[in-house]
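Enquirer: My questions will all concern the structure given below.
The values are calculated or read from the model by the stated rules, or taken from the named source; none is laboratory data. Values in this document were obtained by computation on a predicted structure and should not be read as measured data. Note: ideal-geometry Cβ built from the backbone for every residue, glycine included; neighbour counts use all protein chains shown.
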């Protein structure tokens, strides 16, 4: 049997990898390859933080493959000519891969599959990223869903994910291997080493993904419904970057939750109805929307928002990006993002609401910043989150729902621990005023060594006035 090229993409794992399992089942040697072609992802090539993660994840995958006495062939260049060259060099008769769902990538992949098949090469793709693929769920009219609750209700009716498959214990390697480029030559890491704190925070790769899942199930899952909203504690799974890069499958997460529930005497149906599994459902919904509405990374799903009166102010945008807005909860989140490549989801909503409603800057500006700074930058999730915050997407928060960062901080960071960690200028302030330092009297500020407008900025907007201005703009759009 001639060899199979196994084309790794956002599925950087050996366990529960459908394309890998199919390649081994086909018989013959399996040649693992990774092709770096960011130009084929159009304007959504991976941002800086995601490129760091990709480099480290590829390192981890190389180590796993080396343990099986094989190696990952890295190539730089467009997918189709790179694959054709590899077919010529190896005599491969098939190319297998797991599907992605970003608009530019799906177009590219269809062209690759068609061209390979036309030239006599077997080309097959598989679902390694989702519990259900976007076209497998439809409403009663045969159309895609645009509201999460009925989407997830229908998905749950259809869901019976099989148990995840283990990684192979051996690898059918070819007699001779094609040459590849060195990982460093892909230039995924920046020339300036700005990622030290990101590196100290995360462990990319399959081992890190499963350790993170185990930590979550042992320490945070049982109190997830409340803990997930408290940014000062490790109350969320923090699995999003691992899922995005395919270091762990959603099936593995699903079955791990069931196993953990069983060990604790929790009913399986209760476990699958939990808020954490619902968050996995939101991930599915995001991909459902992106696939069926491919213009949404740049355009609002709700067409009326194309005439919304967004502002343009580069200075305000840069202050928001750097966590220098003078609003502590927003600044804490933006600094956490810059330092670690990740931001707590509750704070993402607060920071996003502040940008699009209090500053009235376009949601696309926020989406692009998140895209470049998040280690879990995922086009489907990023688009859903920002259109939700802006009120212009599917099942979005109404535009008139405007998060108040002060009341949100007092509710979800009541002692101010999250703000103290990321905005150390305010660390000595009492919890009663740490989320609104402009409310503190001069003596309180002096005692805490807080000098508004000097070592910490004044709030760039009045929260009440900017809220009223946003609502007025919304009314004008609807007029």
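Enquirer: Just to be sure before I move on: is residue 420 within 27 Å of the chain's Cα centre (by Cα) and at pLDDT 95 or above in the structure I sent?
Expert: Yes.
Enquirer: Mind listing whichever residues of the range 110-167 are out of contact with any strand residue (DSSP E or B) (no Cβ under 9 Å at 6 or more places or on another chain), within 20 Å of residue 78 (Cβ to Cβ) and free of Cβ contacts under 8 Å to residues at least 24 places away in the same chain?
Expert: Hits for the range 110-167 are 110, 118.
Enquirer: Moving to a separate point now. What number of residues in the range 245-273 are touching a helix residue (DSSP H, G or I) at 6+ places or on another chain (Cβ under 8 Å) and in a helix (DSSP H, G or I)?
Expert: The number of residues fulfilling the criteria is 14.
Enquirer: Moving to a separate point now. Sort out which residues of the range 413-424 are surrounded by fewer than 19 Cβ atoms within 10 Å (Cβ to Cβ) and more than 20 Å from residue 457 (Cα to Cα), and write them in order of number.
Expert: Answer for the range 413-424, where residues must be surrounded by fewer than 19 Cβ atoms within 10 Å (Cβ to Cβ) and more than 20 Å from residue 457 (Cα to Cα): 414, 415.
Enquirer: Okay, moving on. Identify, from the list 129, 104, the residue that is in contact with a helix residue (DSSP H, G or I) (Cβ under 6 Å, 6 or more places away or on another chain) and either more than 24 Å from residue 2 (Cβ to Cβ) or surrounded by fewer than 21 Cβ atoms within 10 Å (Cβ to Cβ) (or both).
Expert: 104
Enquirer: Of 329, 334, which residue is buried (at least 24 other Cβ atoms within 10 Å of the Cβ), under 21 Å from residue 390 (Cβ atoms), in contact with a helix residue (DSSP H, G or I) (Cβ under 7 Å, 6 or more places away or on another chain) and free of Cβ contacts under 8 Å to residues at least 24 places away in the same chain?
Expert: Every option except 334 fails the conditions.
Enquirer: Answer yes or no as to whether residue 315 is outside any loop (DSSP other than H, G, I, E, B), buried (at least 18 other Cβ atoms within 10 Å of the Cβ) and on the phi < 0 side of the Ramachandran plot.
Expert: Working: outside any loop (DSSP other than H, G, I, E, B): yes; buried (at least 18 other Cβ atoms within 10 Å of the Cβ): no; on the phi < 0 side of the Ramachandran plot: yes.
Criteria not met by residue 315.
Enquirer: From (1) more than 18 Å from the chain's Cα centre (by Cα); (2) crowded, with 19+ Cβ neighbours inside 10 Å; (3) within 26 Å of residue 105 (Cβ to Cβ), pick out the condition that doesn't hold for residue 290.
Expert: For residue 290, the failing item is (1).
Enquirer: Mind checking which pairs have a first residue in the range 13-27 that is outside the structural domain of residue 99 (by TED's automatic domain parsing) and a second that is in a helix (DSSP H, G or I), Cβ under 6 Å, 6 or more apart or different chains?
Expert: none
Enquirer: Let me ask something else about it. Could you list, in sequence order, the residues of the range 170-215 that are over 26 Å from residue 45 (Cβ atoms), part of a loop (DSSP other than H, G, I, E, B) and free of Cβ contacts under 8 Å to residues at least 12 places away in the same chain?
Expert: 176
Enquirer: Now for a separate question. Residue 353 is checked against (1) buried (at least 22 other Cβ atoms within 10 Å of the Cβ); (2) within 25 Å of residue 42 (Cα to Cα) and fails just one. What number does that condition carry?
Expert: Among (1) buried (at least 22 other Cβ atoms within 10 Å of the Cβ); (2) within 25 Å of residue 42 (Cα to Cα), residue 353 violates only (2).
Enquirer: Condition test on residue 283, is it closer than 29 Å to residue 473 by Cα and either crowded, with 16+ Cβ neighbours inside 10 Å or out of contact with any helix residue (DSSP H, G or I) (no Cβ under 7 Å at 6 or more places or on another chain) (or both)? Step through it out loud before you land on a result.
Expert: Values: closer than 29 Å to residue 473 by Cα: no; either crowded, with 16+ Cβ neighbours inside 10 Å or out of contact with any helix residue (DSSP H, G or I) (no Cβ under 7 Å at 6 or more places or on another chain) (or both): yes.
Spelling it out, it is not the case that residue 283 is closer than 29 Å to residue 473 by Cα and either crowded, with 16+ Cβ neighbours inside 10 Å or out of contact with any helix residue (DSSP H, G or I) (no Cβ under 7 Å at 6 or more places or on another chain) (or both).
Enquirer: Which one of 54, 58, 5, 72 is in contact with a strand residue (DSSP E or B) (Cβ under 8 Å, 6 or more places away or on another chain), closer than 30 Å to residue 336 by Cα and surrounded by 20 or more Cβ atoms within 10 Å (Cβ to Cβ)?
Expert: Within the list 54, 58, 5, 72, the selection yields 58.
Enquirer: From the residues in the range 74-130 that are in a strand (DSSP E or B) and within 25 Å of residue 243 (Cβ to Cβ), which one is nearest to the chain's Cα centre (by Cα)? Give the steps one after another, and end with the answer.
Expert: Of all residues in the range 74-130, those in a strand (DSSP E or B) come to 74-76, 94-98, 122-126.
Retained after the next criterion (residues that are within 25 Å of residue 243 (Cβ to Cβ)): 74, 95-98, 124-126.
On the way: 74: 24, 95: 27, 96: 25, 97: 21, 98: 18, 124: 26, 125: 22, 126: 21 Å.
Of everything passing the filter in the range 74-130, 98 is nearest to the chain's Cα centre (by Cα).
Enquirer: Here is a further query. Might you check whether a residue that is surrounded by fewer than 16 Cβ atoms within 10 Å (Cβ to Cβ), assigned to a loop (DSSP other than H, G, I, E, B) and out of contact with any helix residue (DSSP H, G or I) (no Cβ under 8 Å at 6 or more places or on another chain) occurs anywhere in the range 146-153?
Expert: Going through the range 146-153, the residues surrounded by fewer than 16 Cβ atoms within 10 Å (Cβ to Cβ) turn out to be 147, 149-150, 153.
Pick out the ones that are also assigned to a loop (DSSP other than H, G, I, E, B) and you get 147.
Those left that are additionally out of contact with any helix residue (DSSP H, G or I) (no Cβ under 8 Å at 6 or more places or on another chain): 147.
Yes: the range 146-153 contains one or more residues that are surrounded by fewer than 16 Cβ atoms within 10 Å (Cβ to Cβ), assigned to a loop (DSSP other than H, G, I, E, B) and out of contact with any helix residue (DSSP H, G or I) (no Cβ under 8 Å at 6 or more places or on another chain).
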